[in-house]
Amino acid sequence: MKALVFKKPYEVQVEQVDDPKIEQPLDAVIRITSANICGSDLHPYEGRSPLDAGMVLGHENMGIVEEVGPGVERIKVGDRVSVPFNIACGTCRNCNNGFTSACLRANPSGNPGAGYGYPQMGPYWGGQAEYLRVPWADFNLLELPAGTEWENDFTMLSDILPTGYHGTELAGLKPGETIAIFGAGPVGLMAALSANIRGASQTFVVDKEPDRLALAERLGATAIDFSKVDVEEAILEHTDGFGVDTGVEAVGFQAHDHTGQEHPEMVLDNLVNVVRATGRIGVVGVYVPDDPQSPSPMAGDGRIGFDFGAAFEKGIRIATGQCPVKRYNRELRDLIIRGKASPGLIVSQEIGLDEMPDAYSRFDKREDGWTKVVMHPTAA
Ligand SMILES: NC(=O)c1ccc[n+]([C@@H]2O[C@H](COP(=O)([O-])OP(=O)(O)OC[C@H]3O[C@@H](n4cnc5c(N)ncnc54)[C@H](O)[C@@H]3O)[C@@H](O)[C@H]2O)c1
Ligand SMILES: [Zn+2]
Ligand SMILES: [Zn+2]
């Protein structure tokens, strides 16, 4: 098959590789219909999360079941399915507790949590390809209505819609509360959509990219451009000096100021300052324990120097981590089917596999109008 292969930082190539096959009785092989580029893919792309050459990238996958192993009984050949980015066994202690993001059996390294085409997540190839092998298929796959309707909406179910929702869940957002979301990338925008679903009374979205902020406004949020205003002052002014009830971090360790200079602690500090005393913060933006190119030696070891003292004094609750996609994807799918959520509105490009190297480079530069790239292997 053809697949997008990681060669070295800033170099990915479409190559002919071996077709994935059934390796275990509970496996399925999926023919990919849509696979997206994620902000998370940029961490290995930029060399900020070391990845071995030869890995097929892609953890945001959906498609049609092509083949199933002899132990698979629920999922059938021909089913249209969404593939959560977490690979989970379904039987370990963490899986049983709903933390498919921290499966204790799926990652041969022994670390909790596995995924497709990603550093530290096991040997599993990703789905920016024609086909994908899915372990423990009955447990992991989410069935979708047959056909091609809602393709660009359903493709958000493998990661960013559940992840945005998880941000609001970690922040404990309740109906009528206010929320400040940092980052208007795909994850931040999905957090804004989720804030609507959960009945936030006001949503602020902070970024500096005008196209992304415009999408946040389309979702009913108040856009705040950190290259133009003092973010903390702006949010406090909008909330009578009180601050927001909740906040979501959807930026991650490469947070930067308007000149592009990185400050890994910057957004966490902003959040601690704009969330009211006793409020809550959900951190879904990724922070890493090792960053070979960090601007500070301390942050290079994952030690982020944000104002924990102020957070403690204000009694703010902070929760973090990867999204356990299966906890939310079924209900989010049904919101799409019943017309209550349209996450596909953030799709900015639909491309074929051959266009992926160029798309990585442009998405990485956050070129204007490159918000969310969806790859269809069959597209010309
Ligand atoms: N927890 C999870 O399970 C999970 C899943 C998917 C993605 N992620 C992570 O979520 C983060 C966002 O993902 P994405 O796909 O939206 O990425 P992205 O890189 O496209 O978006 C990040 C946005 O943050 C903005 N930004 C940078 N500095 C900022 C600052 N100081 N204040 C406000 N905004 C700032 C950028 O302009 C950009 O638009 C990444 O770290 C990604 O790895 C986590
Ligand atoms: Zn992703
Ligand atoms: Zn498990």
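Quick look at the numbers
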read-out	value
Enumeration of residues in segment 227-286 that are near ligand 1 (Cβ under 8 Å from one of its atoms), in a helix (DSSP H, G or I), buried (at least 20 other Cβ atoms within 10 Å of the Cβ) and not polar (S, T, N, Q)	231, 267
Candidate set: segment 344-380, residues that are in contact with a Pro (Cβ under 9 Å, 6 or more places away or on another chain) and within 18 Å of residue 156 (Cβ to Cβ); chosen: the one surrounded by the most Cβ atoms within 10 Å (Cβ to Cβ)	372
Residue that is surrounded by the most Cβ atoms within 10 Å (Cβ to Cβ) [pool: residues in segment 81-122 that are β-branched (Val, Ile, Thr) and in a loop (DSSP other than H, G, I, E, B)]	87
Some residue of segment 288-297 being of a type outside the set (Asp, Glu), part of a strand (DSSP E or B) and buried (at least 16 other Cβ atoms within 10 Å of the Cβ)	no
Meets criteria (farther than 25 Å from residue 79 by Cβ, outside any strand (DSSP E or B) and either of a type in the set (S, T, N, Q) or within 16 Å of ligand 1 (Cβ to nearest atom) (or both)) for residue 163	no
Some residue of segment 36-50 being aliphatic (A, V, I, L, M) and either more than 16 Å from ligand 2 (Cβ to nearest atom) or at pLDDT below 95 (or both)	no
Scan of segment 166-185 for residues that are within 8 Å of ligand 1 (Cβ to nearest atom) and touching a Leu at 6+ places or on another chain (Cβ under 7 Å), ordered by number	182, 184
Filtered residues of segment 41-80 (kept if assigned to a loop (DSSP other than H, G, I, E, B) and of a type in the set (Gly, Ala, Ser))	47, 49, 53, 54, 58, 69, 71, 78
Residue pairs meeting the criteria (Cβ under 8 Å; at least 6 apart or on separate chains; first over 20 Å from residue 236 (Cβ atoms), in segment 179-190; second hydroxyl-bearing (Ser, Thr, Tyr) and within 7 Å of ligand 1 (Cβ to nearest atom))	187/163; 190/163
All positions within segment 278-297 that are over 21 Å from residue 41 (Cβ atoms) and modelled with pLDDT of 95 or more	278, 279, 280, 281, 282
Residues of segment 196-226 that turn out to be in contact (Cβ under 8 Å) with a residue 40 or more places away in the chain and part of a helix (DSSP H, G or I), as a count	6
Residue match in segment 346-360 (condition: touching a residue at least 60 places away in the same chain (Cβ under 8 Å), closer than 23 Å to residue 167 by Cα and not in a loop (DSSP other than H, G, I, E, B))	yes
Any chance residue 13 is surrounded by fewer than 20 Cβ atoms within 10 Å (Cβ to Cβ), in a strand (DSSP E or B) and touching a Pro at 6+ places or on another chain (Cβ under 8 Å)	yes
Residue check, residue 103 in contact with a Lys or Arg (Cβ under 6 Å, 6 or more places away or on another chain), outside the structural domain of residue 187 (by TED's automatic domain parsing) and more than 16 Å from ligand 2 (Cβ to nearest atom)	no
Tally of residues being surrounded by fewer than 24 Cβ atoms within 10 Å (Cβ to Cβ) and hydrophobic (A, V, I, L, M, F, W, C) across segment 145-169	2
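For (1) away from ligand 1 (no atom under 16 Å from the Cβ); (2) within 15 Å of residue 132 (Cβ to Cβ); (3) modelled with pLDDT of 95 or more, each residue gets a yes or a no:
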site	(1), (2), (3)
75	yes, yes, yes
78	yes, no, yes
91	yes, no, yes
97	yes, no, yes
100	no, no, yes
105	yes, no, yes
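The values are calculated or read from the model by the stated rules, or taken from the named source; none is laboratory data. In this text, all values refer to a predicted model and were calculated from it rather than measured experimentally. Cβ: placed from backbone, ideal geometry, glycine included. Neighbour counts: every protein chain shown.
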